[in-house]
Structure formats: C-alpha cells, structure tokens
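Here is the structure we will look at.
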Amino acid sequence: MSNLVAAIEPAEAPATPDEERLADYLAAVSNTSSKSIVDPPWTDRPDLRDRALKLAQSVHALHRCASSLFEKATVTFGGESPPDASSLSKSISLNDDLFPGEFRILKKLGRGAFGEVWLADDLQLPRQVAIKTLAPGGDADKVAKQLAALRRDARMLTQFRHPHVVQVLLWKQRGSDHFLILEYVDGGSLDDRIRQEPSGRLDWATAARYIADVGDGLLAVHKQGIVHRDIKPANILWDKKRDEALLTDFGIATNLANAADYAGTPNFMAPEAFDTPASTAQDVYSLAATLFCLTTGEAPFPGTDWTAIRSQSRAGLPQPDARCEGMPEPIERLIRSGLNADPEMRPSLTLFVSSVRAELNRLMADSMSTISPSTTKGLRLAVSRLVSGRYEAVTSVIPKTVPTRDIKRVPKPAPSVPLRTGDTIAVEVVADRTGYLVVFNIGPTGNLDLLHPEMMPPAGSSPNVQAGERLWIDGLVISEPAGRERLFAVWSAKALALASEELRDVAEPPKAVVATRDIRRVQQAVSQMPATDRLVEVIELDHEDSAGGLS
Amino acid sequence: MANSPPTDLYDLRRLLQAALADDRSAWNDLLTKLRPYLALLVRRRLASNASTGLGESSLVQETLLKIDQHFGSKAPEGTRFRGKEPPAFLNWIGQIVARVVANAIRDAHAPPRDRRREDENQGDFDFAALPEVDSNDEVGEMSVRVAAELEHLSEGRRIVLQHRYFEQLSFEEIAKILGKQPGAIRVTHLRALADLRERMGDLP
C-alpha cells in the first residue's frame, strides 16, 4: 500500500529553511518518548521556537496514544500478555475453600500472564502467604511438561533461602489446577512503587541498593541452576517494613510461556533473548534495564513492540541521554555496560552486581562527606606511602570529571590518592576536638571494613580521641583486586548509634572482622548526629596493579 | 478535594450510555467513530507479529462483528459487556482485537488439526471478564479521536505518522519503504504534525 501511495501522491513542496530546522528538531524529539521536551536553542527566533514546542507536544501526545493502543491491544486481564483462552476460566474466589485447615483466602492481589495471585492466612503458622494460580495455555502434553519443569524448580527453591528472594513455600495441586504458595511480601512491586512516587522514580541510591541486593539473590539462585529471564520492576517486590527488595517469579515466565512467544517483557529483554536460549548475560541486561527504569521512571528503550525495541536496544542509549541527568556517572556507566547489545561485551553477572554495590558504597561515602559543614576543617585525613623504609606523604588530587558530570545532581567526588597494588601505606587522622573517631575503608568490591577502632565505640563509653591527638594506622598493604577504594574518617561528639554486630554481615566465619556490604546503617548513624556534632573526611585510594605503570 | 467530572473528549460517553440503553442509532454512530481506532489497534497488533500476511480490513470487520455480538441486552448474559464507561469499553474492545488477531495468526500458522481445536475452544473466550481500568482514561479516549483525525490527513502524511508512532519505525526505515530520502520524510512528518494539530487544537 505504501509504495502505491508514493506513486500516486504528489510530491511534497520543497521545504523552506524554517521547515528544515523544525523538521530536524521534531525528528529528534520523536526519537524519545521521554516526557521532558528539550527546548530548541533558537533564541534568535522566538516565533519558530514557540511553534516547535507546540508541535513537540503533539509528538508526545502521539507517543502516548501509541502506547495506550499497544497496551489495549496486548495487555489482557490485569496487566500482562494475553494468556491462552483456555486459561481464562481458571480462577479462585473468596468462596472457595481449596485448602481446608491450611490456608484461608482473603483477597486477590493481582493478575499476571499465567494466573492470579491471592493473599491468604496460613492457618497453621502465624503468617500470611501469597497463593499463585498457574494456568498455562496450549495443548495438554505441552502444559504437563511446562508444569513439570516449573515444579522441579519450585521444589528446589523450597530448599533455598535468601533475604532478597521471595521464598517458595509449597506446591499444591487440586484436581487439574496447580498453585504455588509463596512468602507474602507487603508493599507491592517496585513497578507499583515508582508509579506511586510523585517523581515517578526512585532516588539512584535506593534503586542501586535494590538492584545490588536482588542481584546477590539472583547469583545465589543461578548456582541452583535456575534462571529467571524476566527481571523487571514488576517482578521485584518491596518489603515496606524492612525497605528491602526481593526477586520473585523465578522460572515462571521461562517455563510457562507459549513456545510461539518469547518469555519475558520486551522492554527489559536483551535483544538476543528474542531468538536465543536463556543466558546469564540476558539477566545482566534485564538488571541494567530495571536499574535504569527505577532511576528514571522509564524503560531504557520504551518502544511499544518488539521489532522497535530490538532495533533501539541495538542502537544503544543516546549519548548523552537527558534522562540520566540525576544519575551519578559511575552508575550510568554501569547501566550502559549492562545494556550493551553484544552479550559478549556485557560484564558478567558477578562483576555487574559487585560493581553496582561498590559504586553505590563509594558514592554513599562521598555523599557523607557533604553532610559535614563545608566551612569546618576540624578533621584531617592523610595517606603516606612506605618508600625505602620511611613513610612519605602522598598528595591527593581532585579526580578529573567527564563533561556530562557537571550537569549531574550527584555527590562531589572525593580527592584521590594514586597507589599501586603491593604498596604499604599509613593513614593519619587528626581531629581538632575531643570525641569519637572511627575510620572505614571501602574496598574495590564494595566491602566496608572498620579500620579503627577494632569495635565500634559503644554508647556511653569515653571519647576515644582527644583534641589534636594524632591517630596513626600504619602497615596497611594495598592488595588485589586493583581499583578505587574509599577511605573515610568520621568524628562525632557522641558515639555513633551503631553496633559492630550491625556491620558484620560479610566476614564469617570467624566473625573477627567488622565488615559489611551495606553501608546504609553507617550513613543513617552519621546523619542522625546533629550537623555540628559530626565531621566526615573521604579520600579515594586509586590503585592500579603492579604492572599499571604508576611510579 | 472534589472529584472532577469524567471528560467526554469525543462524545464517547454519551454515545456509549445511549447505546447501553439500546439506542441503535447511537450504537451505529459509536461503531463508526471507533472504526479508525480499531484499524490502528489491529495494525498495532499485527506489527508485533511480522509477516502474518493477514488482511487488516477483514480483521477490523471481524472485530466489529464480535463487539456487536457481545454488546447490549441482546447479547448472551454470560458474555455481555458489563461496563458503563468509555475506559472499560475501550479496554474491552482492545481485548477483543488482541484475541481476534491472535486467533487469526494461529489459524494462519497452525496445521488443520490445531485449527479445529481452536474453533472448539471459542466457547472459552470470556468476553465478560474485564480488567480493572482507570475511571478517566483520557489518553484512550484521545486515541479514538487521533485515529479519526488521521483519516482526514493526506494519505502520504497519514502513513508517515502511522509508521513513525504506531509501528515505531525510524525515519530511515520509513524512507526505505516509501522510496524517499529520510530528509523528505522528516519534512512530511513536520507537515503531518502541523495538519493534525490544526485539526485537533491543543492536544491534552
């Protein structure tokens, strides 16, 4: 039809110079469905600029219409892809007493591609559970195989515990109907959560923490031989009380999708996932896409059908991408690496997850240094390196920033000290006032170690540093892996409300070292102190391996 | 804060409520208004299933038939549309389009034995089941109007907007299909937007 139109329609009249400008601008605007409109920089032509902005609004209205059409034509019965017709009749209701003496059904929580989710009371234990009905479509042989595969995974997952994975409790069968009994997580999904946020997104630190946490859970489940293949905000639940994220729906999409469909959600799927077997590289992509979505409120490639999404994801994110403005450069860089269209070029899942954690912790440390009043210089933190038997001071430098860094609303980078793996260093800390001093180091993989003192000073204990007293920690050897570390010292007028036990989730056994992967508690404890009662200094230790060429 | 009254962007609410009261003339007007929208829905759905070779207009016709069969007091009790407002109605017809196109694709690709099974399964098609929808889906209603107004653009301009927004093609891809330069397509895109805006005024 289109070729025929080209033949019979008169050609458009040649464009005027103004039209050329407008056409190029609107073509660029139409390439993104972002809600924000980039102003045309035409200060010399306010009339043209006004016209451009009005037409840009039409572009966004068309995007919204297209998106609404897509949802209406594909989103079936509660939010996901249309199930096979034969599955639509399978449903449970409040009147059904399907599990007498075991569970009492309370209310429907939602409906997904393969069935419904119901909230129920566990009648034998003081807890609530989520009951998921499983209703795959297709012929009987295929359904039997799909359910058998899912049941195998479920059986394995019932033996599995991880704080960031929704626990599978039981598999139940009533007649021809199958049910998964799951841990109930109050708080809805992260997809619900970003929809409820006035800004339509989460702050980058919270989003990165959730992704690092569920990434840890995902790594643990992968070791059981189970892949997810449908990681997206809707499949990450939020424990409201603990403010923790938990991954759910392992294997369900993979096992139950019709062979004719792809398993997963196109906006969060790696381009190769449409036609190649599941791989961990696909989960890296989906985690990166989910982190992008949580931080910006939009899928990285918000097309509305798989051909468009695949072509967008192959082209990659625009450079720069205005949607990343509120995101720290290291987080944006990690997302870009995870979204690489070539699976070979993506980091491994282990590297991706540990890098998100490490960057998050380093950035959190940097943000703590901004907590202390900038005019106060009451705390000095310095590093010396052992050279020919003597410690010599190493001068710190302000790290270079890339151009887009300047527009970002993110923590100021800490001054950096260049080192090499194998160097022996000493850390010197001096506070000009009496109080409590603690020194931490965040290693290249994001682990937070307490360097001084050996245990956190308990509440009510005597100050551990006097005004002007020099704290000298020497003999610290810079070890592999190479990378960027954060050394930071916290002085406080009172002991921080933080027990060593709260920071001991990494080094076990024996629990001799105080170390953690989650520095939230440190940040909370520091920020709880009045601004005048705390000082924080941060230094970056940037060490290359011994072949790195630093002199 | 008081609830704002539901909007009626394209006279859909009035026509729907009259049709629910068995006003046949209103029902016909409503279906006429919806036809371009249905065509876009079908096109949208087909775009997700490349190379189906299915006829768009026959699928629109089949969808209209299904809508008509399951709407109003004459429809069987168990399968009747039970909503009252345009958002639920648009959602309902979206489901019908999805199902009609999905069945057509299956029929086109399935061996004869499977086709027979699908035919037997038609009874499971639950037209009455409705998802929960926003009570004031302005975008959905605006889409009905946009679809209608697109019909009034010159065919060349309409096709560029359809390819760009409803099939998500790049300017380069559209240029290739239409045998033109991408720069010319960008100019047509600009003029099509201007035409649409002139017809619709300020879009919400």
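The values are calculated or read from the model by the stated rules, or taken from the named source; none is laboratory data. In this text the structure is predicted, and so the values were computed from the model without any measurement. Neighbour counts are summed over all protein chains in view; Cβ atoms, including those assigned to glycine, are modelled from backbone coordinates with ideal geometry.
Some points to look at:
- Only residues that are crowded, with 16+ Cβ neighbours inside 10 Å, more than 17 Å from the chain's Cα centre (by Cα), acidic (Asp, Glu) and outside any loop (DSSP other than H, G, I, E, B) were counted across segment A:317-354, and they come to 0.
- Of all the listed residues (A:448, A:471), the sole one being within 33 Å of the chain's Cα centre (by Cα) and either surrounded by fewer than 20 Cβ atoms within 10 Å (Cβ to Cβ) or not hydroxyl-bearing (Ser, Thr, Tyr) (or both) is A:448.
- Residue A:241 vs. criteria among the basic types (Lys, Arg) and either at pLDDT below 70 or buried (at least 18 other Cβ atoms within 10 Å of the Cβ) (or both): no
- Of the residues A:427, A:417, the single one that is farther than 21 Å from residue A:357 by Cβ, modelled with pLDDT of 90 or more and among the hydrophobic types (A, V, I, L, M, F, W, C) is A:427.
- Residue that is nearest to residue B:169 (Cα to Cα), among those in segment A:294-311 that are surrounded by fewer than 24 Cβ atoms within 10 Å (Cβ to Cβ) and away from chain B (no Cβ under 14 Å): A:298
- Boolean, residue A:170 is farther than 26 Å from residue A:334 by Cα, at pLDDT below 85 and not basic (Lys, Arg): no
- With respect to the conditions (1) part of a helix (DSSP H, G or I); (2) crowded, with 21+ Cβ neighbours inside 10 Å; (3) within 14 Å of chain B (Cβ to nearest Cβ), residue A:314 lacks only one, and its number is (2).
- Per-region count, segment B:162-179, residues part of a helix (DSSP H, G or I) and under 16 Å from the mean Cα position of the chain (by Cα): 4
- A single entry from A:405, A:409 fulfils the requirement of being surrounded by fewer than 18 Cβ atoms within 10 Å (Cβ to Cβ), touching a helix residue (DSSP H, G or I) at 6+ places or on another chain (Cβ under 8 Å) and either at pLDDT 85 or above or not in a strand (DSSP E or B) (or both): A:405.
- Segment A:365-390 - residue that is at pLDDT below 90 and β-branched (Val, Ile, Thr) and, of those, farthest from residue A:478 (Cα to Cα): A:375
- Selection within segment B:134-190: residues that are polar (S, T, N, Q), under 25 Å from residue A:15 (Cα atoms) and more than 9 Å from chain A (Cβ to nearest Cβ). The member of this set that is surrounded by the fewest Cβ atoms within 10 Å (Cβ to Cβ) is B:181.
- Residue within segment A:297-308 that is outside any loop (DSSP other than H, G, I, E, B), closer than 25 Å to residue A:216 by Cβ and in contact with a helix residue (DSSP H, G or I) (Cβ under 6 Å, 6 or more places away or on another chain) present: no
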